[in-house]
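Reviewing the structure listed below.
Please treat every number below as a calculation from the coordinates, not as lab data. Note that the structure is a prediction, hence the values are computed from the model and not measured. Using ideal geometry, Cβ is built from the backbone for each residue, glycine included, and neighbour counts are taken over all protein chains shown.
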């Protein structure tokens, strides 16, 4: 049970907030999860919608990398809703069963290539709040400045959403994929 009421109905908010509600619903099909919380402050919901809209729908990052990294972040944060929302998107993007299982189990050493490097970067940011010179050098060899900004922004954005979801205890809804379950940190 969420700790505060979730705003999922347009009629439950005042007229000034309705354009924000409409923008969220228009891009995502419905208002749920973090946006159902953030609409308690429409200005914050609007900003989050714009950043998230770009990262999710406008990003040039390959879909499998983006969705896998979001699952890494959900796993690191123990965020069931984020995991449930993005698991089917990762499958649809072509992320393999073994990669999904490794992320869910926190087997970080089994992630290789771009995902392994991105997951290492994310783990460093979330545990030390920094990236050491050696790791930054590896990432810089792989990605250009814009791609690095995008990856770090993706880490920050989805970590932020996980904090909102976890704080307000927003659980996956009916029809969503199962949460992390026993794979939770």
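Summary table
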read-out	value
Scattering profile of the stretch 46-185 at q = 0.09, 0.21 Å⁻¹ [log10 I(q)/I(0), Debye over alpha-carbon scatterers]	-0.24, -1.45
Cα-only Debye scattering, the stretch 50-94: base-10 log of I(q)/I(0) at q = 0.32, 0.33 Å⁻¹	-1.16, -1.17
CD proxy at 222 nm, helix term only [per DSSP H run n ≥ 4: -39500 (n - 2.57); per residue of the chain; nearest 500]	-20000 deg cm²/dmol
Mean Cβ neighbour count within 10 Å, used as a protection proxy, ranking 123-132, 17-26 highest first	17-26, 123-132
Rounded to 10°, Cα long-axis angle of helix 113-128 versus longest principal axis of the chain	70
Nearest-ten-degree value, helix 133-142 long axis tilted from longest Cα axis of the chain	80
Overall Cα dimensions of the stretch 1-118 - principal axes, largest extent first, Å	49, 33, 20
In degrees, nearest ten, helix 18-28 long axis to first principal axis of the chain (Cα)	40
